[in-house]
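Below you'll find the structure, written out as structure tokens, and then a few comments.
Derivation of every value follows stated rules applied to the coordinates shown; laboratory data play no part. Just so you know, these numbers come straight off a predicted model, no measurement behind them. No Cβ is skipped: glycine too gets one built from the backbone with ideal geometry, and neighbour counts run over all protein chains shown.
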Amino acid sequence: MSTDRRGFFKNIAAAATLAVLPATAAEAREKKVPPSDAVGMLYDTTLCIGCKACVVACKEANSMPADIDGYGQGLYDSPDSLNQYTKNIIQLYRDAGEESFVKKQCMHCIDPACVGACMLGALQKGKYGVVTYDVSKCVGCRYCETVCPFNVPKFQWAKVAPKIVKCEFCKERLAAGKEPACTEVCPRKAVIFGSYADLLDEAHRRLKNNPGRYVPKVYGEHELGGTQVLYLSHFEFEKLGFRFQQDESVPHLQQSVNHGVYKGFIGPVALYALLGAVMFRNRGNSEKES
Amino acid sequence: MRTQAQPIGGPLLTRGYIVLLTLAAIGILLILWRFAVGLGASTGLSDGYPLGLWIALDVVTGTALACGGYAVALVVYIFNKGKYHPLIRPAILTSALGYTIAGASVAVDLGRPWNMWKIPTYFWSWNLNSSLLEVALCIMAYVFVLWIELSPAFMEKWSVDGPPRLQRVSQRLLPIVNKALIWIIALGMLLPTMHQSSLGSLMMLAGPKLHPLWLTGWLPLLFLMTCLAMGYAIVVFESVFSSAAFGRRPEMPMLINLQKIAAWGGLVFIAARLADLAYSGNLHYAGRLDLYGTMFWIENVLWILPLVMMLAFPRPTLGSIFRGAMVVALAGALYRFDTYLVAFNPGPGWHYFPSVPEMFISIGLIALELAAYVAIVKRFPILAGRTLGA
Ligand code: SF4
Ligand code: SF4
Ligand code: SF4
């Protein structure tokens, strides 16, 4: 009986060690930095006049259908947010007499949650740090939608063979040496294309040269681990629908914990060996009945 | 004396059984319809709430309720309590059915299920950071492992009275499987440890969209604890149920002990959860009596209730442990459901409520599971113990 007891507690201790492993093994995870060839976009609310030329250009470049379910009453393309027909949108926010337009599309995060989620890497951080989608590896699980802090990926709900719809930074145009359709057509240069590093410099130059004109920060420089699409605004970012202001990237927590447990797959293999060994020692006993 | 597992026998098509089959048939028809019209027309899902009832209930909660096999295997094989052996087969059967149904729900839920086969085979594309990949691979493997663990039950019967071909195969295979069983069972404990904790990791990636009372680096551990408590509870629940339904004598002392583990497990779970929240500084959210604070306390009360019931009524009866087990299962189900749906906030303007077909598909799949359970215990040697009065 007493040896039985001791064995029992030894087993509990072993099991407990393995169980708390996930919580304690969380290791420091390096902060992700943009690739050296990273491109980006810089959008400036003070320059945008809401003409929506970029929305039209985006639809044309991506051969997207018009969304006539919105305010257009069946007459014209009028989405009110990103959706299964719309990868880029201009929205209007109004607050206490002030108003601001804001452009929304994929932020091309430096440490993207969607890429961390996707099982077979249908979503991937590709050339120039652009987050691309490959339908052949997509199972339609919609986990990317669940985790994206900007609610960017959209699902073709109306289709029997649905795909994920999101801005891929006009990857075909980039490959052909062209800039994205949306930045190309903007008549006010409210959204511009460039290398990520240059755009970050440009944003800080504008902040410095126009004191009081902007909320004093470049949204996307640090937020959610940094994004390759950067924003300057004269309006609080929360009010423009940027819900989260945290610096930590979304995948940081989950991947810190997971890397701790699954590093080199040692944890699972060790656990299997332990389970097998304990069972081997206990063999025969399970057949005995009281 | 070994109490040999035996088929229950008796007629299959009782009135209750026909109700189950009808519900299952409705579910299957609706599934066909869902594939014809797409997810938009058949469900209440949206870009804000892309995961709904099928994932939160059938997969996340359903597989935890199907952890009886895992939980009892730990007691028998790791903690070396051989006398619990008679509880294993029925527990493995519910696990095998529960996980198979969860797999079916995933196939119904996926937008592009015809790409599913690529998950285990495109190993060069595996994103090892993805908790969902781990969950998917482990569940696929575990379904397979569970049916192998259960296969002796089928082969024992077939090697006696199966059709000649089946009889020969069974006689040949049975000793081989029995010999390899120890390593398969070890795998059957490793896989749930991995994917049940990963079901927690999965929602860690929702990050700030998940309410701070639920979002923690301990989610994997908390999920593991809940599936074990729910596993023990469901074994108690199921044993009491089949003793009532099939007139068997319940293994009272064992069931009382399992219910004890589940009840104390609830206390450990709350202690871990509160300690973690206090440490992270998020405990103050529990003081707000908004939707989140309220759900948080309902969960905690449900977790502590079985222990209170146990201590308040020190003489356990069949009814009291049955009720206790039900509360544990409910507590775990609510915690998991909340983590996937209630505590998940995609931002203003989004709402989710499952559509009627969505609900009937879930109900249909559960009915199918129950129908299969009844059919299998009536025809194959699963349940041990004597019938009442024997
Ligand atoms: S904004 Fe969303 S979809 Fe775009 S890269 Fe970031 S996480 Fe992915
Ligand atoms: S829906 Fe497709 S792209 Fe999104 S996470 Fe799932 S497999 Fe990846
Ligand atoms: S980069 Fe291309 S796809 Fe993305 S918003 Fe601009 S035009 Fe649309």
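Before moving on, here are some points about what is shown:
- In order along segment B:240-245, the Karplus-derived 3J(HN,Hα) couplings, from 6.51 cos²θ - 1.76 cosθ + 1.60 at θ = phi - 60°, round to 5, 4, 6, 5, 6, 6 Hz, and Gly and Pro are given as x.
- Chain B: Cys lacking any partner C-beta under 4.7 angstrom: B:C138
- Secondary-structure-derived ellipticity at 222 nm for chain B, considering helices only, amounts to -22500 deg cm²/dmol, per-run term -39500 (n - 2.57) for DSSP H runs with n ≥ 4.
- Computed log₁₀ I(q)/I(0) - Debye formula, equal Cα scatterers, no solvent, segment B:58-180, q 0.12, 0.18 Å⁻¹: -0.59, -1.05
- Label-point gap, in nm, between A:E30 and B:A107 - each point 7 angstrom along Cα→Cβ: 4.2
- For the protein assembly as shown, the antiparallel share of DSSP beta bridges with both residues in that region comes to about 85%.
- Unsatisfied cross-links (Cα-Cα over 30 Å) in the set B:K118/B:K378; A:K178/A:K239; A:K137/B:K179; A:K52/A:K208: B:K118/B:K378; A:K178/A:K239; A:K137/B:K179
- Translational diffusion of the protein assembly as shown, estimated by Stokes-Einstein from the Kirkwood radius over alpha carbon pairs at 37 °C in a medium of 0.692 mPa s, is 121 µm² per second.
- Relative contact order (%) - segment B:87-161, alpha-carbon pairs under 8 angstrom, separation at least six: 46
- Local charge for B:F337 was computed over the other residues whose Cβ lies under 14 Å away, with Lys and Arg +1 and Asp and Glu -1, and equals -2.
- Extending 7 Å from Cα along the Cβ direction at B:V268 and again at B:A25 yields two label points whose distance is 4.7 nm.
- Computed Kirkwood radius, in angstrom, where 1/r is averaged over Cα pairs of segment B:15-379: 21.6
- Relative exposure of A:C138, A:C48, judged by other C-beta atoms within 10 Å (fewest first): A:C48, A:C138
- Local electrostatic count at B:R379 - Lys and Arg +1, Asp and Glu -1, tallied over other residues with Cβ under 14 Å: +1
- Summing Lys and Arg as +1 and Asp and Glu as -1 over all other residues whose Cβ lies under 14 Å from the Cβ of B:P220 gives a net charge of 0.
- Mean separation of Cα contacts under 8 Å (6+ apart) over length of chain B, as relative contact order %: 34
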